[in-house]
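Laboratory data are not the source of any read-out in this text; all were calculated from the coordinates shown. A quick note: this is a predicted structure, and the numbers were derived from the prediction, not measured. Counting neighbours? That spans all protein chains shown, and the Cβs are built from the backbone with ideal geometry, glycine included.
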Amino acid sequence: MADQGDAPDYWDTSQKILVVLAHPDDPEFFCGATTARWVRAGHQVTYCVITCGDKGSKDLSISSDELCAIRQKEQRKAAQVLGVEQVIFLNYPDGYLIPDLKLRKDITRVIRSVRPDIMITCDPQTLFTQFGGLNHPDHRAAGQAALDAVFPAARDHLNFPELLQDEKLEPHIVREVWVSGTLVPDTILDVTDTWEIKITALYEHKSQIGDPEQLAERLHNRRTGDSTPENPRYEEKFRRLKLG
Ligand SMILES: [Zn+2]
């Protein structure tokens, strides 16, 4: 890999990174190439996927429970492709996510257990996406709850005190949060080297992607404006918050 000494994610030591997003397939769509880049650089990545993704089908014969099992299996395979070590599922129903105190507590528990240096989530303020669509309400709820969990709930022991008293989960400060799916990015990673592995990981979400060739074409079309089909360059963008 090229020298990353001046890259915004250049860290001297191996980092623990926690990705908190709403649905199976979100980690790959939002930040799969970044995850692959970080795994290659020696960092440890854990996923926390909040919902089962159990509404994501047009097949009238499939139940939510069946779909949940399929999607979690697909998510584990996609994580494996990228080298993600652990996938935690919170098993909330798809489509109905609300950033309430129960969800905040569940994410706080994950943060205090995994104890990440860096957390990735998505921007709860994105109502209309950069691609001209509507952002999924679960994405907004997941981002809101994850940010509320990181600060101040994970940090301060009097927030959800039962986590410390009953579960022995000490407070934890996440040093940086990288917010994906944002319309106001301030940090851009060149992920050209890992764009193909992102697409390969997305292929594992077979129940979601339809024609894999169309997916590949769509993702190849996301090359930067200053590159060409023969010499493409790809980026993933974040808003980066330094908290600790
Ligand atoms: Zn999603």
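Dipole of the chain computed with +1 at Lys/Arg Cβ and -1 at Asp/Glu Cβ about the Cα centre; of 14, 61, 161, farthest Cα towards the positive end is 161. Tell me what the chain gives for mean residue ellipticity at 222 nm when only DSSP H runs of n ≥ 4 count, each as -39,500 (n - 2.57), the sum divided by the residue total, rounded to 500 deg cm²/dmol. The helix contribution divided over the chain gives -11000 deg cm²/dmol.
Isolated cysteines of the chain, defined as having no other cysteine beta carbon under 4.7 Å away, are 31, 48, 122. By the count of other C-beta atoms within 10 Å, a proxy for reagent exposure, 62, 209 are ordered fewest to most as 62, 209. Selection among 241, 72, 99 by position relative to the dipole of the chain gives 99 as farthest towards the positive end (Cβ unit charges, Cα centre). Indicate the gyration tensor shape class of the stretch 20-147 (rounded, prolate or oblate), computed on the Cα atoms with a ≥ b ≥ c the square roots of the eigenvalues: a/c under 1.5 is rounded; otherwise a/b larger than b/c is prolate and the rest oblate. Rounded.
With charges set only on the Cβ (+1 for Lys and Arg, -1 for Asp and Glu), what does the dipole of the stretch 158-244 come to about its Cα centre, in debye to the nearest 20?
Details: 12 positive and 17 negative charges, 54 e Å.
The calculated dipole for the stretch 158-244 is roughly 260 debye.
How high is the relative contact order of the chain, in percent, counting Cα pairs under 8 Å that sit 6 or more residues apart? After rounding, I find 24 percent.
In whole Å and largest first, what semi-axes does the C-alpha gyration tensor of the stretch 95-231 yield when each eigenvalue is scaled by 5 and square-rooted?
Computed over the stretch 95-231, the values are 34, 16, 15 Å.
Fewest-first ordering of 238, 131 by other beta carbons within 10 Å of each residue's beta carbon gives 131, 238. Using the Cβ of residue 124 as centre and a radius below 15 Å, the other residues enclosed give a net charge of -2, where K and R count +1 and D and E count -1.
So, counting K/R as plus one and D/E as minus one, what does the shell of residues with Cβ under 10 Å around residue 92 add up to?
In short, -3.
Its Cα centre serving as origin, the chain has a Cβ charge dipole (Lys and Arg +1, Asp and Glu -1) of approximately 380 debye.
Charged side chains reduced to their Cβ positions (Lys and Arg at +1, Asp and Glu at -1) give the stretch 124-184 a dipole of some 280 debye around its Cα centre. Listing 74, 196, 230 from fewest to most neighbouring C-beta atoms within 10 Å gives 230, 196, 74.
Need one word for the chain: rounded, prolate or oblate. Basis is the Cα gyration tensor (sqrt eigenvalues a ≥ b ≥ c); a/c below 1.5 gives rounded, then a/b vs b/c decides.
Values: a/c = 1.71, a/b = 1.17, b/c = 1.46.
Judged from the Cα gyration tensor, the chain comes out oblate (a/c at least 1.5, b/c at or above a/b).
Ranking 90, 210, 143 by Cα position along the charge dipole of the stretch 81-210, where only Lys, Arg, Asp and Glu carry charges on their C-beta atoms, puts 90 farthest toward the positive end.
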